[in-house]
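Below is one structure, written out as structure tokens; the observations come after it.
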Amino acid sequence: MALSTMSLVAFGSFCGSIMITIFNKGITGGARNGAARLAWLLMGVAIGLYAYGAMGGLLYAFNTGDVSARSSRGGSVRFHRAEHPLWFWFTFVELSIATGCIACLSLACFWKAFKRG
């Protein structure tokens, strides 16, 4: 499976923030210095790129009228807007709420990176 450029950037930001956080915790005991701010910023970028991709997927699902959901056990289901309108809108709203929560998590990381004090 080949990763896209956006996926590689998100993965690199995620790994970089983890490495900086571990280094910062070991050296300074977790003080809020430049390394901690950089780790929060990279984590915000990684989560934000994931949310950006999820929003693109939601727009695609809304445009085509097909939405799919997967289970953690490997099962998958697909609903078309014309065939199953109730299940389509239920799944679409559920995925929209989850995407909103992920975007809020990214904003919280950016807030921690840029706040003073």
Enter the per residue convex hull volume of the stretch 8-117, computed from alpha-carbon coordinates, in Å³ rounded to the nearest integer.
-> 117 Å³
Given charges at Cβ of Lys, Arg, Asp, Glu: the chain dipole, positive-most of S96, S17, T64 | S17
Using a 1.4 angstrom probe on heavy atoms only, work out the carbon and sulfur share of the accessible area of the chain in %.
-> 70 percent
Leaving out ligands and nucleic acids, note down the accessible area per residue over the chain with a 1.4 angstrom probe, in whole Å².
-> 70 Å²
Keeping every protein chain in place, order T5, T91 by accessible area at 1.4 Å, biggest value first, i.e. largest first.
-> T5, T91
What is the local net charge at C109, summed over the other residues whose Cβ is closer than 13 Å to its Cβ (Lys, Arg +1; Asp, Glu -1)?
-> +3
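The values are calculated or read from the model by the stated rules, or taken from the named source; none is laboratory data. Everything quoted here is computed from the prediction, not taken from an experiment. Here the Cβ is made from the backbone with ideal geometry for all residues, glycine too, and neighbour counts use every protein chain on show. In case anyone asks, the SASA skips ligands and DNA or RNA and just uses the protein heavy atoms, side chains included. Shrake-Rupley method; radii C 1.70, N 1.55, O 1.52, S 1.80 Å.
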